[in-house]
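Engineer: Pasting a structure below so you can have a look.
The values are calculated or read from the model by the stated rules, or taken from the named source; none is laboratory data. Since this is a predicted model, take the numbers as computed values, not measurements. Every residue, glycine among them, receives a Cβ derived from its backbone with ideal geometry; neighbour counts consider all protein chains shown.
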Amino acid sequence: MSIGDSIDSLGDTIRNFLGGLTPRDRILLGVMGLAVLLVLGWFVTGAMNSQTKGLRAQLASASTAQQQVNVLMARYAELGGEVTALDERVAAGAGFSPASWLEQLGNELALTENIKSIQERGVEEREFYRAQKVEVVVDDMDLRQLVKILHKMQGAPQALRITNLRVKTDNKSREKLDVRFELAVLKPLGGA
């Protein structure tokens, strides 16, 4: 017997079965079939909805993660720019003499007679740079001059670092300041 004949005989059996039922039994069988289809449909749609919710949650999580990665990449690019700028400032200090720069700055701000000493304090080597240190003592300086000096140091193209800044009022005049600080010029490791 072939598959086509089997299907035909099954169809005949179902027709004979349904033909032998009373109209009431046919309605009952139809309602039961419909109930079974509704239950199956409910389970299938519930499973599909739960999968959809899970996929939406994963998509939201992936979107949040992507936003965090974008923020981190932007911060990385920003830090890369800052590192490049710092490298340029350290490279600019290669031929820089802090003592002569401070004397020139003293002439510019009319502080030459107030600079009591500029003493070399040696060179300190670090992992990425060398720091040439100079100790500076300035007496009888007013606050405006101190602010200008600090502003010039901050705006210098070289990488300058001020450590041990001590400011006190002058013994003779309360309007004047006595300033002592250590200035370090950061230079590249291979530079002079």
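Engineer: Which count do you get for residues in the stretch 125-136 that are in a strand (DSSP E or B) and under 31 Å from the mean Cα position of the chain (by Cα)?
Structural biologist: Qualifying residue count for the region: 3.
Engineer: Out of 93, 54, 46, 11, which single residue is in contact with a strand residue (DSSP E or B) (Cβ under 7 Å, 6 or more places away or on another chain) and surrounded by 10 or more Cβ atoms within 10 Å (Cβ to Cβ)?
Structural biologist: Only one candidate qualifies: 93.
Engineer: Taking the stretch 85-107 as the region of interest, how many residues are out of contact with any Leu (no Cβ under 8 Å at 6 or more places or on another chain) and part of a loop (DSSP other than H, G, I, E, B)?
Structural biologist: Residues that pass the stated criteria total 4.
Engineer: Give the stretch 141-192 a look and list any residue that's touching a residue at least 40 places away in the same chain (Cβ under 8 Å) and not aliphatic (A, V, I, L, M), or say none.
Structural biologist: 152, 157, 158, 178, 180, 181, 182, 187, 188, 191
Engineer: Another question, if that's okay. Out of all the residues in the stretch 98-116, which are of a type in the set (Gly, Ala, Ser) and exposed (fewer than 12 other Cβ atoms within 10 Å of the Cβ)?
Structural biologist: Selection gives 100, 110.
Engineer: Right, here's the next one. Can you work out which of the residues in the stretch 137-179 that are outside any strand (DSSP E or B) and small (Gly, Ala, Ser) is modelled with the lowest pLDDT?
Structural biologist: 173
Engineer: Condition first: assigned to a helix (DSSP H, G or I) and at pLDDT 85 or above. Now tell me which residues in the stretch 108-124 satisfy that.
Structural biologist: 108, the sole residue that qualifies.
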